[in-house]
Amino acid sequence: MKFTYLVYKQVNGTRQLAAATQEEWDAILKKNRRLPLEQRRRFMKDCIEDGDEVDCMYIEVPASEHREWNSKNTIRQKNRKLGMRYTHQSLDAGVPDTDVETLHECVPSGFNLEGAVADQVLIEELKCALRAWQPWAEELMDLYMAGAKRSCTNDLCKKYRLSDRTVQRRKEAFEKFVLEFLKK
């Protein structure tokens, strides 16, 4: 591991970042420990992987920039440590020493294919029974399923030239038929 220390130095009368030696770095750290918190010099650490070698760089920064960096770095380190508690596995991976080919077979899904197919078959059977019972019943079922149970009365009155009360009676008969069908 290679370390580089960039600290503010006076060069030709101006304050600028320059590389420091290990001895200068040790002296800065020793002096920093004795200073009050608000007077201490602040450093930001940045590590870069270069092939098999890691280069760490300590860069002196103003206190405001250090606060921002430290906040982000603390969160990043916390997330990294929490992430080490968990393993990531592909759902396509098999489970050793079992007859499970993929994890997809073990993970429960909110979608129930068998239930969806059974519901679709039941609706088709209900539509056939409604067609055989009354010619207008299948249309009423479509309106109910579209969420127009209350608003369909006026449309049916106009379409079939029926009174409100007649449509209401048909709706009541329809509901009774459907409940009886579903009890079977």
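For the condition more than 25 Å from Ala19 (Cα to Cα), in a helix (DSSP H, G or I) and open to solvent by 70 Å² or more (accessible area, probe 1.4 Å), Arg67 does not qualify. Taking the listed residues Gly115, Gly94, the one that is in a helix (DSSP H, G or I) and open to solvent by less than 50 Å² (accessible area, probe 1.4 Å) is Gly115, with no other qualifying. Is there a residue being outside any strand (DSSP E or B) and closer than 23 Å to Arg76 by Cα anywhere in region 56-63? Within region 56-63, one or more residues are outside any strand (DSSP E or B) and closer than 23 Å to Arg76 by Cα. Can you name the residue in region 130-147 that is in a loop (DSSP other than H, G, I, E, B) and in contact with a helix residue (DSSP H, G or I) (Cβ under 9 Å, 6 or more places away or on another chain) and is also nearest to Phe177 (Cα to Cα) among such residues? Among those residues, the one meeting the criterion is Gln134. Among the residues making up region 11-30, those that are assigned to a helix (DSSP H, G or I) and either open to solvent by less than 70 Å² (accessible area, probe 1.4 Å) or closer than 18 Å to Ile59 by Cβ (or both) are Gln22, Glu24, Trp25, Asp26, Ala27, Ile28, Leu29.
Residue pairs whose Cβ atoms lie under 6 Å apart, sitting 6 or more positions apart in sequence or on different chains, and linking a residue in region 144-162 that is within 23 Å of Leu126 (Cα to Cα) to a partner that is open to solvent by less than 90 Å² (accessible area, probe 1.4 Å) and of a type in the set (Asp, Glu), do not occur here.
Can you work out which of the residues in region 149-177 that are surrounded by 13 or more Cβ atoms within 10 Å (Cβ to Cβ) and of a type in the set (Lys, Arg) is farthest from Arg131 (Cα to Cα)? The selected residue is Lys149. On the stretch given as region 80-91, residues that are surrounded by 10 or more Cβ atoms within 10 Å (Cβ to Cβ) and under 22 Å from Lys45 (Cα atoms) total 1. Filtered by the rule that a residue be open to solvent by less than 60 Å² (accessible area, probe 1.4 Å) and either more than 15 Å from Thr4 (Cα to Cα) or not aromatic (Phe, Trp, Tyr) (or both), region 43-56 gives Met44, Val54, Asp55, Cys56. Looking across region 148-162, the residues that are assigned to a loop (DSSP other than H, G, I, E, B) and out of contact with any helix residue (DSSP H, G or I) (no Cβ under 9 Å at 6 or more places or on another chain) come down to Arg150, Arg161. For Thr87, are the conditions met, namely being among the β-branched types (Val, Ile, Thr), touching a helix residue (DSSP H, G or I) at 6+ places or on another chain (Cβ under 6 Å) and without any contact (Cβ under 8 Å) to a residue 60 or more places away in the chain? Here the answer is no, as Thr87 does not meet what is asked.
Report yes if Glu49 is under 21 Å from Asp26 (Cα atoms) and modelled with pLDDT of 80 or more, otherwise no. No, not satisfied.
Here the condition is being out of contact with any helix residue (DSSP H, G or I) (no Cβ under 6 Å at 6 or more places or on another chain), open to solvent by 60 Å² or more (accessible area, probe 1.4 Å), within 30 Å of Leu182 (Cα to Cα) and not aliphatic (A, V, I, L, M); of Glu124, Glu38, it holds for Glu124 alone. Beta carbons closer than 7 Å, at least 6 apart along the sequence or on distinct chains, pair a first residue in region 28-49 that is within 22 Å of Asn73 (Cβ to Cβ) and in contact (Cβ under 8 Å) with a residue 24 or more places away in the chain with a second that is among the small types (Gly, Ala, Ser) and assigned to a helix (DSSP H, G or I) for Arg42/Ala63.
The values are calculated or read from the model by the stated rules, or taken from the named source; none is laboratory data. Nothing here was measured: the structure is a model prediction, and the numbers come from that model. Counting neighbours? That spans all protein chains shown, and the Cβs are built from the backbone with ideal geometry, glycine included. SASA here: full protein model, heavy atoms, side chains in, ligands and nucleic acids out. Shrake-Rupley method; radii C 1.70, N 1.55, O 1.52, S 1.80 Å.
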